[in-house]
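The values are calculated or read from the model by the stated rules, or taken from the named source; none is laboratory data. Remember, predicted model here, so these are calculated numbers, not experimental data. Here the Cβ positions follow ideal geometry from the backbone for every residue, glycine too, while neighbour counts run over all protein chains shown. Ligands, DNA and RNA are stripped out before the accessible areas are found, and what is left, the full protein with its side chains, is counted by its heavy atoms. Shrake-Rupley method; radii C 1.70, N 1.55, O 1.52, S 1.80 Å.
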Amino acid sequence: QVQLVESGGGLVQPGGSLNLSCAASGRLFTIYYMAWHRQAPGNERELVAGVTRGGTKTYADSVKGRFTISTDNTWNKVYLQMSSLKPEDTAVYYCYAFGNGVPSWGQGTQVTVSS
């Protein structure tokens, strides 16, 4: 089992930046993929960015060039650096981990982009 706890959400003005963190604990050695998803009111949850242990990163088209996903060397933290934020980035952001056929989700952190 893997436990995930997000932090760093909040209110930011359009054009601003925000950094999210996700702390992982438990059977970390089983994880080979970590990602950030988001869900806005009335919308389905969508993938924002993901990274494999091999270092391959993927991004949703809507965030390419603005968001960056990274992990620390021990894979017990995953980060999402967000810049040039837009009102449409407003959502609850969830940390996600997958390994040994088992998905794990964090509880989510709210990001609101508004003036």
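Just add up the charged neighbours of PRO14: K/R +1, D/E -1, any other residue whose Cβ is under 13 Å from the Cβ of PRO14. Computed value for this residue: 0. May I ask for the net charge around GLN3, where only other residues with Cβ less than 15 Å from the Cβ of GLN3 are counted and Lys, Arg are +1 while Asp, Glu are -1? Net charge in that neighbourhood comes out at +1. Couplings for segment 51-62, taken from phi via the Karplus curve 6.51 cos²θ - 1.76 cosθ + 1.60 with θ = phi - 60°, read 9, 9, 4, x, x, 6, 10, 10, 9, 5, 4, 5 Hz in order; Gly and Pro are left as x.
Cross-link partners for LYS77 among the lysines, with Cα-Cα distance under 24 Å and sequence neighbours closer than 8 places in the same chain left out: LYS57, LYS64.
Using a Förster distance of 22 Å, how high is the FRET efficiency between THR30 and SER70, based on the Cβ-Cβ distance and rounded to 0.05? It would help to have the intermediate numbers written out before the result.
Working: r = 20 Å, r/R0 = 0.92.
So the FRET efficiency works out to roughly 0.60.
With a 1.4 Å probe and all protein chains kept in place, how do TRP36, TRP105 rank by accessible area, largest first?
Values: TRP36 0, TRP105 110 Å².
Solvent-accessible surface, decreasing: TRP105, TRP36.
Straight-line cross-link partners of LYS86 among the aspartates and glutamates, defined as a Cα under 19 Å from its Cα and at least 8 positions apart when in the same chain: GLU44, GLU46, ASP61. Taking Lys and Arg as +1 and Asp and Glu as -1, the other residues whose beta-carbon sits under 14 Å from that of GLY108 total 0. The residue list ASN73, GLY9, ALA91 was ranked by how far each Cα lies along the charge dipole of the chain toward its positive end, using unit charges on Cβ atoms, and ASN73 comes out on top. Under the simplified labelling scheme, the ASN43-SER83 pair shows an inter-label distance of 2.2 nm, with each label point 7 Å from Cα along Cα→Cβ.
The share of C-alpha pairs in the chain whose separation exceeds 18 Å stands at 45 percent.
In percent, what relative contact order does segment 48-110 have, based on Cα pairs under 8 Å that are 6 or more apart in sequence? List each step's numbers first, then the result.
On the way: 66 pairs, mean separation 12.2, N = 63.
Worked out over segment 48-110, it gives 19 percent.
Accessible area per residue for the chain is 52 Å², calculated with a 1.4 Å probe on protein heavy atoms, without ligands, DNA or RNA.
With charges only on Cβ, +1 for K and R and -1 for D and E, what is the dipole size of the chain about its Cα centre, in debye, rounded to 20? Before the final figure, lay out each step's value.
Details: 9 positive and 7 negative charges, 49 e Å.
Once rounded to the nearest 20, the dipole reads 240 debye.
Here the Karplus curve 6.51 cos²θ - 1.76 cosθ + 1.60, taken at θ = phi - 60°, turns the phi angles of segment 76-87 into couplings of 9, 9, 10, 10, 9, 8, 10, 9, 6, 5, 10, x Hz, with x standing for Gly and Pro.
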